[in-house]
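Rule-based calculations on the coordinates, nothing more; no lab input. Keep in mind that this is a model prediction, so the values were computed, not measured. Positions of Cβ are backbone-derived with ideal geometry, glycine not excepted, and every protein chain shown enters the neighbour counts.
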Amino acid sequence: RASRASLLGVDRVASGARVPRSSARRADSMQAPVAPPPPSPPASALPAATHEGKGWSFEADSRPLWHSSRIDDLGKEEQLCKVPDMFCGDALLRIRHESSGFELELNATDALRCCRWRPPPPPGTRPPRPASQTAPDTEEIDGPYLGAVRCQFADRWKPKSNSPDVKELEVMSDWTCSTPYWGSICGTKDSGKVPISEEATVEGLPMDLLRRRDEIHWYQEVLFWEDELDDNGLCRLSVRVRVMPTFWFVLLLCELRVDNVMIREVATRFFCAFGSDHVLREWTWKEATYEALRTRGVPLSDNPQISQTSIGTTLLEQADVRQQLRHKLLLGPPTVDSAAGCSTETSKD
């Protein structure tokens, strides 16, 4: 049972890193385990994996990569400057509470829409922008939610001509494909979908419970996308879900490395104890530049954490947290103040 728990990522559920079984045996010879990549998407469409229990239903749908024509069409339709080369646009995870009608959905296409700022993504699919990113007379200002990033060759590629015929392209989405997406939530009633009540909280994840070596009733991992940023790094978005005897847990993990520039992790965790009246959502953004990592003594040359498959987010620490938000998503009767869609904006912390 212990080795199975390690295989399924129980050991480092707090940080979002996975621990291979062999890592425990090599712990004294490595500073941190190298997280394996998510499983490859299926070559052809397969039935979704499903599970039911304790009043909850779970659906994890791993889908094949989109062909280039669908990727190009999506970029045009959604006004995206960049769509990942490896994009599983139909992949999703859906969780539903039967008695309350609560529904959580995480899908690849909405996640990609959150890389865009003009037009803004669907309401409620990402945290509200911090006050520092909000203009006085408008809801938002232009620019990536997580901040603009330039690759190591940006200055070299910048045009040196002042000719009026040389114009910069208008950018409306993040070229790194790193997303602040935290999913869509709603309640379902006979009249349709209604917003879910939620409230900010200081309640943290029950780490002792999450680390316990209990039996895993159901586990799935779904890849949403991966992109090598035109050989300038690596970005990956995936979601993992596990159902335990007394709770379920979801980790939506966006990892980014821009070579010789920075490493970023955006992790959204959902936890619910069976019988509870709420789901806990914790959204955490970590980030550090290569310069900052070197300053604190992290060796970056030939580091096993940085490779073609390992992005390097295990090198990030608590001190690298840029922002963290926690909310209780209430499972009581939905607040029927409108007949809007699933997602609603949350109040700022």
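Legend: calculated FRET efficiency, His67 to Val321, from the Cβ-Cβ distance at R0 = 51 Å, rounded to 0.05, equals 0.85.
Using the Cβ-Cβ distance between Leu300 and Glu52 with R0 set to 45 Å, the FRET efficiency from 1/(1 + (r/R0)^6) comes to roughly 0.45. Separation of the alpha carbons by more than 22 angstrom is noted, of Lys54/Lys189; Lys193/Lys328; Lys82/Lys328, for Lys82/Lys328.
So what's the gap between the Cα centers of the stretch 194-227 and the stretch 42-81, to the nearest angstrom? With the stretch 194-227 and the stretch 42-81 each reduced to a Cα centre, they are spaced 20 Å. Near Glu226, once Lys and Arg are set to +1 and Asp and Glu to -1 for all other residues with Cβ below 11 Å from its Cβ, the sum equals -3. With +1 assigned to the C-beta of every Lys and Arg and -1 to the C-beta of every Asp and Glu, and no other charges, what is the dipole magnitude of the stretch 40-88 about the Cα centre in debye, to the nearest 20? The dipole magnitude comes to about 100 debye.
Of the trypsin sites (Lys or Arg not before Pro) in the stretch 226-316, the ones in a loop by DSSP (not H, G, I, E or B) with at most 13 other beta carbons within 10 Å are Arg296.
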